[in-house]
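Since every read-out is calculated from the coordinates, none of them should be taken as a lab result. Treat the numbers as computed from the prediction; the structure is a model and nothing was measured. Don't worry about glycine lacking a Cβ; one is built from the backbone with ideal geometry, like all the others, and counts go over all protein chains shown.
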Amino acid sequence: MVSAPAIDAREELIWSELAKIPDPEIPAINLVDLGVIGDVRFEADRLTVELLPTFIGCPALAIMQEQIIERLGLLEMADTVEVKVSFDPPWTSERITPTGRERLRLSGFAPPVMAVIEGLDELAVLPVAECPFCGSRSTTLENPFGPTLCRAIYHCATCRQPFEQFKRV
Amino acid sequence: MTESASVRPARDLDTAARGALAELLISVADDEFVIGFWDSEWTGIAPMLEEDVATSSIAQDEIGHARALYELLAELTDDDADRIAFGREAGAFRHAALLNHARGGWAFSVARRYLYESADAVRLSALARSSHAPLAALAGKMQREETYHRMHADAWLGRLADGSRDGRDRLAGAVECLWLDAQQIFAPLGGEETLVREGLLPQPMHALHASWQGQVRPVLELIVGELPAAAPARDGRRRRTDDFIWLHTEFTTVAGSEVGATW
């Protein structure tokens, strides 16, 4: 890993540019806060960005790749900008930043529940979600499968609103 | 990406090992691809709206898993994932016989999903320990998504088994019909000895099969009574039916209508 100050400044600029790209399916959150950017590195004239999909079959992947290449290309810092899809490390719900969780909540999505349980079994994926509208925990899971791969559907018994949760994975 | 001593990049594999790895990848990918297409047929016609959404989402997951696996294969064999998915003849597919059957009724799909998801979970737990690092990483990620699929399959199996007599009979009939073909998920692979020796597949198929049988037989026998002894067969991934040939025509229609088109 090169750690010369000049490289650090370049990488910093790249991360701040990436933070300007909204998620194509939930534009309230950007790619950095969503935690899908794994790594950014320079090798000679090539800039490689590692993209960690939230869900493997996410149809927004290609759009994210295009937008990253387009935006970083404008910086003219490398001859080639490459986006590499990677599952190592896997994207997990814990990768969403605190700011990202707040942005999700403000736009009506319950952020994934941070379960204390290790691994990922039924107990880990099904804890009670907090209603993003009224904060109530008197909610029920209507369907663990929602309008996109990464969303589940809940109902709040307190304010009687249906809402979506960014699925824990 | 960190590489431990036991994890080697594919370029270090000899020709035999690469061929065996390709065979393993295509068997898993084709399973996911074909079940994804069968299940996608429920979109719009599932017994209830919630199931329209759930089945569609699960089908999309499976096809996404297939895409990622085809991409690993394409990298290994210097091919193209779309070509592998949509450019092969029906006879070149290597999915297990379980996936040769048409969608059938809802109970039939529930039975197949249960058989498939339970077997896939056993297989993924092995693949997540593969010495081929990209496959291990992908399998680890797939396991997290499949947790939701297994919950769905288990819930529906229980719902039909404990529901009306009609539902239970349909479920039992489907399990009996699919039982022998489900074993074929663990059909031996040609290059299996190499796969196991190289750690690409950490356990042989017969061991995975025994582990799966130990899990599902007691559950299913509560529903259908005693199930026959059944073992995977050498040709378990080479059988084709008219149902599959019909599906193959369906899913290659668009790609075949304008070969080489980009979208």
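Points worth noting:
- Cα-Cα separations in the protein assembly as shown greater than 41 Å, expressed as whole percent: 18 percent
- Isolated Cys residues of chain A, judged by Cβ distance under 4.7 Å to other cysteines: A:C58, A:C150
- Normalised per residue, the volume of the convex hull around the Cα set of the stretch B:178-263 (Å³): 177 Å³
- Think of it as helices only: each DSSP H run of n ≥ 4 in the protein assembly as shown is worth -39500 (n - 2.57), and spread over all residues that comes to -16500 deg cm²/dmol at 222 nm.
- Calculated on the alpha-carbon coordinates, the convex hull of chain A measures out at 118 cubic angstrom per residue.
- Value of Rg/Rh across the stretch B:1-139 [Cα atoms, Kirkwood radius]: 1.01
- Cα long-axis angle, helix A:5-18 against chain A (0 to 90 degrees, to the nearest 10): 40 degrees
- Surface/4 estimate of mean projected area, convex hull on alpha-carbon atoms of the stretch B:144-201, nm²: 5.6 nm²
- Alpha-carbon radius of gyration plus Dmax, which is the widest Cα pair, for chain B in Å: 18.2, 57
- Gain on full stretching of the segment that runs from A:D88 to A:S16 - 0.36 nm per residue minus C-alpha separation: 23.6 nm
- Across the options A:G73, B:V28, A:S16, the greatest Cα extent toward the positive end of the charge dipole of the protein assembly as shown (unit charges at beta carbon of Lys, Arg, Asp, Glu) belongs to B:V28.
- Using alpha-carbon coordinates, inclination of helix B:133-161 to the longest axis of chain B, degrees: 10 degrees
- Sites B:R159 and A:T158, calculated FRET efficiency, Cβ-Cβ separation with R0 22 Å, nearest 0.05: 0.20
- Cβ-placed point charges (K, R +1; D, E -1), dipole of the stretch B:193-248 about Cα centre in debye, nearest 20: 160 debye
- Summed side-chain charge close to B:P202 - residues other than B:P202 whose Cβ falls under 13 Å, Lys, Arg +1, Asp, Glu -1: +1
- Placing unit charges on the Cβ atoms of the charged side chains and taking the dipole of the stretch B:113-163 about its Cα centre, the candidate lying farthest along the positive direction among B:Y148, B:V122, B:L160 is B:V122.
- Summary value for the stretch A:1-80: 26 percent relative contact order, contacts being C-alpha pairs under 8 angstrom separated by 6+ residues.
- Simple Cβ-charge dipole of the stretch B:115-184, Lys/Arg +1 and Asp/Glu -1, about Cα centre, in debye nearest 20: 240 debye
- Rounded to the nearest 10 degrees, the inclination of helix B:49-77 to the longest alpha-carbon principal axis of chain B is 20 degrees.
- Here the stretch B:163-222 and the stretch A:43-57 have alpha carbon centers that stand 36 Å from each other.
- Its Cα centre serving as origin, the stretch B:61-189 has a Cβ charge dipole (Lys and Arg +1, Asp and Glu -1) of approximately 380 debye.
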